[in-house]
Amino acid sequence: MSNIKDELQKRILVLDGAMGTMLQQYNFSEEDFRGERFKDYPSPLKGNNDLLSLTQPKAIAEIHAKYFEAGADIVETNTFSGTTIAMADYDMEDLVYELNFESAKIAREVADKFTKENPDQPRFVAGSIGPTNKTASLSPDVNRPEYRAITFNELRIAYKQQVEALIDGGADLLLVETIFDTLNAKAALFAIEEVKEERHIDIPIMVSGTITDASGRTLSGQTVEAFLTSISHIPLLSVGFNCALGAQQLKPYLQRLSNETDFYTSAHPNAGLPNAFGEYDETPKQMQQYIEEYLKDDLINIIGGCCGTSPEHIKAIADVAKNYKPRLIQELA
C-alpha cells in the first residue's frame, strides 16, 4: 500500500472536483433518490446526495472514475452530509454508519482499480467530513446570542460515528472540510483522535477551512492565522482552504497560510464566484491559469476543485500541476 506522505514528497497531488456538480447532470428524480429500498419512506428524499451511495451506487462509482481518469490522485467519498446532525433533515439518522461505510467502499473499489492499472500513480480515498448544518460558536437566533443549536459533545459523538464508518469502509485519509466554524472542526478532530487511540491506528488528516468573503475570515470570525493556530495542536497531514471563493480570490489567503505552516498545504477552490443564478462560469482554462499562479509561487502540495468544477477542470489542473515541484516543508520532529 502506497504511503500518501511519500507521494507528497515526489509531486503535487490532485484532488477531485465537485460531486454535487456532477450529480446534477444525472437529473435524478425523487424516485431515483428513493430507489426500491426507500420507495415508501415517509420523508422527501430528493437532494440527499449521500443517500445515492445506497440507491444509485453506479453513478457514484462513475463520477469517481471520471475524476481519476482526469488525473486526480485523491477522490473524496460521497459523505459531505454524513452525520446524524445533517441526516436529521431527512429523518435518516439511523442510516449514517451504512451511508459512510458504503460510500467509502465504492470509492475504495474504484481507486484500487486505477492503482492496479497504473501502479506508478497510486490513488487514494479521502473520507469527506463536512461541517454539518449547525454551528457551535454562533447563535442561530439574533435575539438570543447566548443560545447554541448544538454542543461540542453532540458534534463529537456524531463525527465519531462517521469517522469509524469511513475507516471501516476503506478510506486512506480523512478530510475535515469546508470549515466555517472552527469549534465544529475541533469536535471532528477530537473524535478522530479518539478513534485513532481506541483502534491503535494512525490515519492522515487533511483540514480545509473556508474563507466566506472578502473580509478574509471564516464565518465564525477567524483570520487565516487564527484558524491555523486553532487546529495546529493536531498532527495534520495538510491544512488548506476550499469553497466560497474562486482560485483567484483565494490566492492571498493561501499565501498567508503557506508562510505560516509546516504542514502540507491544500486548496480546492470553486470555479470562480457564483453568477446571479448560483452557477459557476469559470472555464477549465481560466481556472488552470489561476492555479498556475499558486504553483509558480510554491504555495501548494494538494490541489483540486470545489463547487462548479468538473473532470474537465480537474484535467486542466492536473495537466499544469505535473510541470511544477511541490511546496517544500520542514519536516516536524
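The values are calculated or read from the model by the stated rules, or taken from the named source; none is laboratory data. Being a predicted model, the structure only gives us computed values, none of them experimental. We place every Cβ from the backbone using ideal geometry, glycine too, and count neighbours over all the protein chains shown.
Could you tell me which numbered condition Y26 fails, if it satisfies all but one of (1) in contact with a Leu (Cβ under 7 Å, 6 or more places away or on another chain); (2) of a type outside the set (S, T, N, Q); (3) loosely packed, with under 14 Cβ neighbours inside 10 Å; (4) in contact (Cβ under 8 Å) with a residue 24 or more places away in the chain?
The failed condition is (1).
So if I check each of K315, K322, K285, which one is out of contact with any Lys or Arg (no Cβ under 8 Å at 6 or more places or on another chain), surrounded by fewer than 16 Cβ atoms within 10 Å (Cβ to Cβ), at negative phi and at pLDDT 95 or above?
Working: K315 fails: surrounded by fewer than 16 Cβ atoms within 10 Å (Cβ to Cβ); K322 fails: out of contact with any Lys or Arg (no Cβ under 8 Å at 6 or more places or on another chain).
K285 is the lone residue from the list that is out of contact with any Lys or Arg (no Cβ under 8 Å at 6 or more places or on another chain), surrounded by fewer than 16 Cβ atoms within 10 Å (Cβ to Cβ), at negative phi and at pLDDT 95 or above.
Quick check on this structure: which one of K39, K10, K66 is more than 21 Å from the chain's Cα centre (by Cα), among the basic types (K, R) and under 30 Å from L295 (Cα atoms)?
K10
Please specify each residue of the stretch 223-259 satisfying the condition of being in a loop (DSSP other than H, G, I, E, B) and closer than 18 Å to N184 by Cα.
Taking the stretch 223-259 first, the residues in a loop (DSSP other than H, G, I, E, B) are 223, 232-237.
Answer for the stretch 223-259, where residues must be in a loop (DSSP other than H, G, I, E, B) and closer than 18 Å to N184 by Cα: T223, S232, H233, I234, P235, L236.
Quick one: would you say A267 is part of a helix (DSSP H, G or I), within 22 Å of S238 (Cβ to Cβ), in contact with a Gly (Cβ under 8 Å, 6 or more places away or on another chain) and hydrophobic (A, V, I, L, M, F, W, C)?
no
E31: free of Cβ contacts under 8 Å to residues at least 40 places away in the same chain, part of a helix (DSSP H, G or I) and in contact with a Lys or Arg (Cβ under 8 Å, 6 or more places away or on another chain), yes or no?
Criteria met by E31.
A88 - would you say it is touching a residue at least 24 places away in the same chain (Cβ under 8 Å), assigned to a helix (DSSP H, G or I) and small (G, A, S)?
On the way: touching a residue at least 24 places away in the same chain (Cβ under 8 Å): no; assigned to a helix (DSSP H, G or I): yes; small (G, A, S): yes.
Answer is no for this residue.
For the structure I just gave you, tell me whether G209 is under 19 Å from E93 (Cβ atoms) and not aromatic (F, W, Y).
no
How many residues are among the acidic types (D, E) and either in a helix (DSSP H, G or I) or touching a Pro at 6+ places or on another chain (Cβ under 6 Å) (or both) if we restrict to the stretch 270-298?
Total meeting the criteria: 2.
For P140, are the conditions met, namely being free of Cβ contacts under 8 Å to residues at least 12 places away in the same chain and in contact with a Lys or Arg (Cβ under 9 Å, 6 or more places away or on another chain)?
yes
Which condition from (1) touching a helix residue (DSSP H, G or I) at 6+ places or on another chain (Cβ under 8 Å); (2) within 21 Å of F124 (Cα to Cα); (3) not in a helix (DSSP H, G or I) is the one that S220 breaks?
Unmet condition: (2).
Does L54 fit the bill of being touching a residue at least 24 places away in the same chain (Cβ under 8 Å) and farther than 23 Å from V207 by Cβ?
In short, yes.
Within the stretch 232-244, restricting attention to residues that are buried (at least 23 other Cβ atoms within 10 Å of the Cβ) and free of Cβ contacts under 8 Å to residues at least 60 places away in the same chain, which residue is farthest from E282 (Cα to Cα)?
Within the stretch 232-244, the first condition is being buried (at least 23 other Cβ atoms within 10 Å of the Cβ), and the residues that meet it are 238-242.
Filter again for free of Cβ contacts under 8 Å to residues at least 60 places away in the same chain, leaving 239, 241.
Working: V239: 25, F241: 18 Å.
Restricting to residues being buried (at least 23 other Cβ atoms within 10 Å of the Cβ) and free of Cβ contacts under 8 Å to residues at least 60 places away in the same chain, the top hit is V239.
Give the residues of the stretch 189-230 that are more than 21 Å from Y294 (Cβ to Cβ) and aliphatic (A, V, I, L, M), sorted by residue number.
L189, A191, I192, V195, I201, I203, I205, L219, A226
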